[in-house]
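Step one of this worksheet: look at the structure below.
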Amino acid sequence: MQHATVNEVLQMAIHMEEEGQKFYEKYAAHAQGEVKSTLLKLASDEMQHVEFFQKLYNGLENKSVDDYFVEEEVIAFFKSYVNSTAFQREVNEISGVKEAIKEGIITERKTIDFYEQLTRFAEPDTAKILKKIIEEETNHAKIL
């Protein structure tokens, strides 16, 4: 298996957050009242996470990509998240807001696990920010 760069791992994180944003927006359109506003807030939070990961990704443009490699077993772990059904929601058609909330909880937990693994390989400043995102994702699961 080919090694993956930090750029590729960040692209996976961006993809996951974009999927989360789309997911919450889709089901907010079918919800009302407090549920709708909560789902829209979660979508907004996910967009902030996209922006954070995009800044990290853009910051790597001036550095040599060859300096940032992740071990084979680590990238296999990361790819398993992207390929899991939790992040391929078009495969798991959800019929209503209740199911969407259940799926959201599952996805938030998987996202937390993914970011916890990322912190093990991140530079200290990045790890600190990742931990803040983990707190937010944990709060998302509690809210749901």
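The values are calculated or read from the model by the stated rules, or taken from the named source; none is laboratory data. Here the structure is a predicted model, which means the values were calculated and not measured. Don't worry about glycine lacking a Cβ; one is built from the backbone with ideal geometry, like all the others, and counts go over all protein chains shown. What goes into the accessible areas is simple: the full protein's heavy atoms, side chains included, and nothing from ligands, DNA or RNA. Shrake-Rupley method; radii C 1.70, N 1.55, O 1.52, S 1.80 Å.
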Residue among Glu46, Glu51 that alone is of a type in the set (D, E, K, R), modelled with pLDDT of 90 or more, in a helix (DSSP H, G or I) and touching a Gly at 6+ places or on another chain (Cβ under 8 Å): Glu46
message: List the residue pairs whose Cβ atoms are under 9 Å apart, where the first residue sits in the stretch 109-138 and is aliphatic (A, V, I, L, M), the second is at pLDDT below 85 and assigned to a loop (DSSP other than H, G, I, E, B), and the two are 6 or more positions apart or on different chains.
response: Ala127/Arg120; Ala127/Phe121; Ile129/Ala122; Leu130/Ala122
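For every residue, the table says whether it meets (1) at pLDDT below 90; (2) closer than 17 Å to Phe53 by Cβ; (3) open to solvent by 20 Å² or more (accessible area, probe 1.4 Å); (4) within 13 Å of the chain's Cα centre (by Cα).
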residue	(1), (2), (3), (4)
Gln2	yes, no, yes, no
Val6	yes, yes, yes, no
Val9	yes, yes, no, yes
Met12	yes, yes, yes, yes
His15	yes, yes, yes, yes
Gln21	no, yes, yes, yes
His30	yes, no, yes, no
Val35	yes, no, yes, no
Thr38	no, no, yes, no
query: Can you name every residue in the stretch 104-144 that is over 13 Å from Glu17 (Cβ atoms), modelled with pLDDT under 85, open to solvent by less than 40 Å² (accessible area, probe 1.4 Å) and assigned to a helix (DSSP H, G or I)?
result: Thr119, Thr126, Ala127
message: Restricting to the stretch 81-103, and then to whatever is open to solvent by 20 Å² or more (accessible area, probe 1.4 Å) and of a type in the set (A, V, I, L, M), can you tell me which residue is modelled with the lowest pLDDT?
response: Val91
